[in-house]
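This report concerns only the one structure given below.
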Amino acid sequence: MKSQEGVLKKTGTTTVGLLTSEAVILGAEKKATMGYLVASKRTKKILQIDERMGMTIAGLEGDAQALARYMQAELKLYRLKEEKPPTVRAAAVLLANILYSRRFFPYLVQLLVGGYDTKPRLYSFDPSGALQEETDYFSTGSGSPIALGVLEDRYRPDLSLEEAKRLVVKAIDAATKRDIASGGSGIDVVVIDKKGYRELDPKEIEKLRK
């Protein structure tokens, strides 16, 4: 992830989204860069946008945070007007439309939205608003080729929740060891299921890294 004060030459981040039969798991490392300077080692790259939805962010930090605020407000308004929670698909289409409306002066971001309505769901986006529903996993950011290599090798459709959390952590951990723009002080992991949105405790994440 790039601080909004930095000159946008390269973007650095590793985020991962992975589906199991019972939950979607989102993970991200914490480094934010400003050119060749580490601007922060504790950047939050997984943002909650609804009661059972989260968004991972890669790219220009200011753009990503603005989009998250936009989504939080729109989804809250939907709940008030419709008196029911929005589906993950509806949230994904809304975000795609926002991105597409700015395609000539785009938000410089690459995003994942994960959530749970009738089942776990995961969507990926590019800056132009291209929307893709993922059926197993996806990764964004400069460390994504490394993370995807780990996911390709170890993913199984029948992964348990515990195995899936461990795989997300291992994929991000591998990226931080080879991608100079990924790293920071630890990894954030969020689990979203029918019970809601839950951030894993740092101690639990450390156990998953072993």
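The values are calculated or read from the model by the stated rules, or taken from the named source; none is laboratory data. Given the structure is predicted, the values throughout are model-derived calculations rather than measurements. Cβ placement follows ideal geometry from the backbone for every residue including glycine, while neighbour counts extend to all protein chains displayed.
List of remarks:
- Here is the figure for segment 89-130: residues that are buried (at least 18 other Cβ atoms within 10 Å of the Cβ), more than 14 Å from the chain's Cα centre (by Cα) and at negative phi total 7.
- Of residues in segment 28-62 being closer than 14 Å to residue 183 by Cβ, part of a strand (DSSP E or B) and not aliphatic (A, V, I, L, M), the one modelled with the highest pLDDT: 29
- Within segment 46-93, the residues that satisfy the criterion of being without any contact (Cβ under 8 Å) to a residue 40 or more places away in the chain, hydroxyl-bearing (Ser, Thr, Tyr) and within 20 Å of residue 130 (Cα to Cα) are 70, 87.
- Considered as a group, the residues in segment 145-157 that are part of a loop (DSSP other than H, G, I, E, B) and not basic (Lys, Arg) include one that is nearest to residue 110 (Cα to Cα), and that residue is 155.
- Residue count for segment 87-144 satisfying the condition of being part of a loop (DSSP other than H, G, I, E, B), of a type in the set (A, V, I, L, M, F, W, C) and closer than 12 Å to residue 24 by Cβ: 0.
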